[in-house]
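Participant: This is the structure, below, for whatever I ask next.
The values are calculated or read from the model by the stated rules, or taken from the named source; none is laboratory data. The model shown is predicted, which means the values in this text are computed figures rather than measured ones. Counting neighbours? That spans all protein chains shown, and the Cβs are built from the backbone with ideal geometry, glycine included.
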Amino acid sequence: MTVNILAPKLDVQMSWWGMGGLAANGQTRSIEEQVAIIAEAGFDGINGFIPAPGDAEHWRRLLEHYDLSFSVNAYPKTADDLKRFLEQAKEYGNIQHINVQVLTPFVIGEQAVQLLDSMNSFSQQAGIPTFIETHRGTITQDLLRTIDYINALESLRLTIDLSHYVVAGELHTVSDEAEQLIQTVLTRSSAFHARVSNGEQVQIDVGKHGEHPMMQHFQRWWSSGMQNWRAQAGIGDVLPFVVELGPPSYAITTDEYAGRTHEISDRWEQSLLFMRTSRRLWSETRE
């Protein structure tokens, strides 16, 4: 069988933040050990942060050695904040995309639209794909305002993390109206951050094989987003899918009052399940 290396592809990344607390026998792993574990588990890349100048070359060598892609997160409040971040990203080089949480949750309406439009302009000028994450406590913190931005900005491209909308809206029951709004957001899918909410907690254990009933909703949404992305993808385009199961206090613990130390689930095994799930869904969208 001939493989078209220029065909649009899925790129499954592991969140560097999500590696927090995943120790071996209580011992903290080194950067080198963590990168090796990610690569050996079969991930295509890492989603993290721009390395400090003194660490940049070390990170470049590690990523090159394991042939891993690399994306980073930004947390601007203004368009100029993002512009400065883009300059740092260009200086580091070889960054696949930037995931942006715009930390202005109380900016709405035309002011928000202008801010997002300015950020997109700076991204295009820098030549680095920049996607706005659907996230609580940011400019996209609820479904309705995000729909308004979609209607106003043809250029808006999103990192889809629907766990925030499910928990914020207590969507343990997904109504037809909620489904329609979510499907509209999914038309702008450019990347995914994967975790599952049950409408009460933002991050849950979905079971060894994904048995939790909310997993079916998230798989349907991820699949829809992948199909929407494929319909617009060009030669060589890449769809990042970041497995992002966070450490406590995202991860539920049995003793939060005592320091958030004992998680109720095996977060690494759950991460591997999400990696396998994403690839299965991607394969199914080609059928």
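Participant: Mind listing whichever residues of the range 275-287 are in contact with a Leu (Cβ under 7 Å, 6 or more places away or on another chain) and either outside any helix (DSSP H, G or I) or not small (Gly, Ala, Ser) (or both)?
Facilitator: If the condition is that a residue be in contact with a Leu (Cβ under 7 Å, 6 or more places away or on another chain) and either outside any helix (DSSP H, G or I) or not small (Gly, Ala, Ser) (or both), then Arg279, Trp282 are the ones that fit.
Participant: Kindly indicate whether any position in the range 101-122 is surrounded by 14 or more Cβ atoms within 10 Å (Cβ to Cβ), in contact with a strand residue (DSSP E or B) (Cβ under 8 Å, 6 or more places away or on another chain) and outside any helix (DSSP H, G or I).
Facilitator: Within the range 101-122, one or more residues are surrounded by 14 or more Cβ atoms within 10 Å (Cβ to Cβ), in contact with a strand residue (DSSP E or B) (Cβ under 8 Å, 6 or more places away or on another chain) and outside any helix (DSSP H, G or I).
Participant: Before we move on, is Ser175 in contact with a strand residue (DSSP E or B) (Cβ under 7 Å, 6 or more places away or on another chain) and either surrounded by fewer than 21 Cβ atoms within 10 Å (Cβ to Cβ) or not acidic (Asp, Glu) (or both)?
Facilitator: Answer is no for this residue.
Participant: Okay, next question. Considering only residues that are touching a Pro at 6+ places or on another chain (Cβ under 8 Å), β-branched (Val, Ile, Thr) and under 23 Å from Glu57 (Cβ atoms), which ones fall in the range 67-114?
Facilitator: Matches in the range 67-114: Ile98 only.
Participant: For the range 244-287, enumerate the residues that are of a type outside the set (Phe, Trp, Tyr), closer than 16 Å to Asp44 by Cβ and either surrounded by 18 or more Cβ atoms within 10 Å (Cβ to Cβ) or touching a helix residue (DSSP H, G or I) at 6+ places or on another chain (Cβ under 7 Å) (or both).
Facilitator: Passing the criteria: Glu244, Ser271, Leu272, Met275, Thr277, Ser278, Leu281.
Condition check ((1) small (Gly, Ala, Ser); (2) touching a Pro at 6+ places or on another chain (Cβ under 8 Å); (3) assigned to a helix (DSSP H, G or I); (4) closer than 26 Å to Phe49 by Cβ) across all residues:
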position: Ser223; (1), (2), (3), (4): yes, no, yes, no
position: Asn228; (1), (2), (3), (4): no, no, yes, no
position: Gly234; (1), (2), (3), (4): yes, yes, no, no
position: Phe241; (1), (2), (3), (4): no, no, no, yes
position: Leu245; (1), (2), (3), (4): no, no, no, yes
position: Thr261; (1), (2), (3), (4): no, yes, no, yes
position: Glu269; (1), (2), (3), (4): no, no, yes, yes
position: Leu272; (1), (2), (3), (4): no, no, yes, yes
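Participant: With respect to Gln201, is the statement that it is surrounded by fewer than 20 Cβ atoms within 10 Å (Cβ to Cβ) and in contact with a Gly (Cβ under 8 Å, 6 or more places away or on another chain) true?
Facilitator: no
Participant: Which pairs have Cβ atoms under 8 Å, sit 6 or more apart or on different chains, and link a residue in the range 145-160 that is closer than 15 Å to Met119 by Cα and at pLDDT 95 or above to one that is buried (at least 20 other Cβ atoms within 10 Å of the Cβ) and charged (D, E, K, R)?
Facilitator: Ile150/Arg188; Leu156/Arg188; Arg157/Arg188; Leu158/Glu133; Leu158/Arg188; Thr159/Glu133
Participant: Among the residues of the range 12-28 satisfying the criterion of being of a type in the set (A, V, I, L, M, F, W, C) and in a strand (DSSP E or B), which is farthest from Val100 (Cα to Cα)?
Facilitator: Top of the filtered list is Ala24.
Participant: Okay, moving on. Among the residues that make up the range 125-141, is at least one of them more than 16 Å from Asn99 (Cα to Cα) and assigned to a helix (DSSP H, G or I)?
Facilitator: Yes; the residues of the range 125-141 include at least one that is more than 16 Å from Asn99 (Cα to Cα) and assigned to a helix (DSSP H, G or I).
Participant: Follow-up question, since we're still on this one. Counting just the residues of the range 10-28 that are at pLDDT 95 or above and polar (S, T, N, Q), which one comes out surrounded by the fewest Cβ atoms within 10 Å (Cβ to Cβ)?
Facilitator: Ser15
Participant: Just name the residue that is farthest from Ser224 (Cα to Cα) out of those in the range 245-287 that are of a type in the set (Ser, Thr, Tyr) and touching a residue at least 60 places away in the same chain (Cβ under 8 Å).
Facilitator: Ser265
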